[in-house]
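The values are calculated or read from the model by the stated rules, or taken from the named source; none is laboratory data. Owing to the predicted nature of the structure, the values given are computational and were not obtained by experimental measurement. Ideal geometry is used to build each Cβ from the backbone, glycine not excepted, and the neighbour counts take in all protein chains shown. Note: areas computed on protein heavy atoms with side chains; ligands, DNA, RNA excluded. Shrake-Rupley method; radii C 1.70, N 1.55, O 1.52, S 1.80 Å.
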Amino acid sequence: MFVQEGGRLAIIDCGMVGRLSPSMKDKLIDILWAVMSEDMEALARSFYALAIPTAGKVDYAAFEADVVEIAERYLGGVPLSELQIGELFGELVAGATRHRVRMPTDFTMMFKAILTTEGLARSIAPDVDPLEQARPFISQMIQDRYSSERIKQTLLADFHLLSRAAHSLPQRLPALLEDVHEGRLAVGLAPASLTALDKAAERRMNQGVRAALTITCIACGTYALGLGLPATSPIGIPWISTLFYAAAAYGVIGLRWRS
């Protein structure tokens, strides 16, 4: 790196390069925000969201306890300006392997880059707090995540996935019925399980109705965006779209809570 006039840094060799998808960037923001807030449990949850299980079921309680223990050693009573964030991430990655999970390759490369950059920054400007310098950018990225445009894009993507699933159902149903007719699909019922099956069928029917209503609310809210109505709601879109999206969000929460 070269230091140019005015204090600008010029990178002349990027070395190995990795890229983060939008969803992975969101998870990284959650991790950094948890560190800046010194929220150990949130750090454990955010870090686990990145984890890729390598074998069997992961004991999350033990994983969280390990992350909290590591984080307390680095965050407990230490000013953020003195925090060795690269070393913290390195220990978290190493600790994850003890719980049979690993980090994505791009994140491992990024943590190494943070460690290198942190050392370089402290050697050039030891009195600068890197996390405090990063705070405005992280805060802005969190605000962008919940902007009306980002919410609209997310809802449209979800609507597209649900539409594709609904479109493929008529194509798969005849093959399933043929398997039943030809005897290639066998179903066994025990009398004691009939009540449970009835309840499960009723639950699935309710979920289907809720999913259909949720898709309808998303479609109506998106359609209302193109009507040219004034953007008077707090999130910068028409009130009618806001109400439809709020109803759709309630439906999604209900589906996930009951799944």
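For this structure, a couple of remarks:
- In the stretch 15-68, the residues that are part of a loop (DSSP other than H, G, I, E, B), surrounded by fewer than 17 Cβ atoms within 10 Å (Cβ to Cβ) and touching a strand residue (DSSP E or B) at 6+ places or on another chain (Cβ under 9 Å): 54, 58
- Pairing each residue of the stretch 60-79 that is over 14 Å from residue 35 (Cα atoms) with any residue that is open to solvent by 40 Å² or more (accessible area, probe 1.4 Å) and of a type outside the set (A, V, I, L, M, F, W, C), provided the two are 6+ apart or on different chains, yields C-beta distances under 8 Å for 60/48; 63/48; 64/41; 64/45; 64/48; 66/98.
- Matching residues in the stretch 120-153 - criterion: being modelled with pLDDT of 75 or more, farther than 20 Å from residue 32 by Cα and not polar (S, T, N, Q): 124, 125, 126, 127
- Scanning the stretch 1-14 for residues that are of a type in the set (A, V, I, L, M, F, W, C) and either more than 20 Å from residue 137 (Cβ to Cβ) or exposed (fewer than 11 other Cβ atoms within 10 Å of the Cβ) (or both) returns 2, 3, 10, 11, 12, 14.
- Within the stretch 90-136, the set of residues being of a type in the set (S, T, N, Q), under 22 Å from the mean Cα position of the chain (by Cα) and farther than 12 Å from residue 50 by Cβ comprises 97 only.
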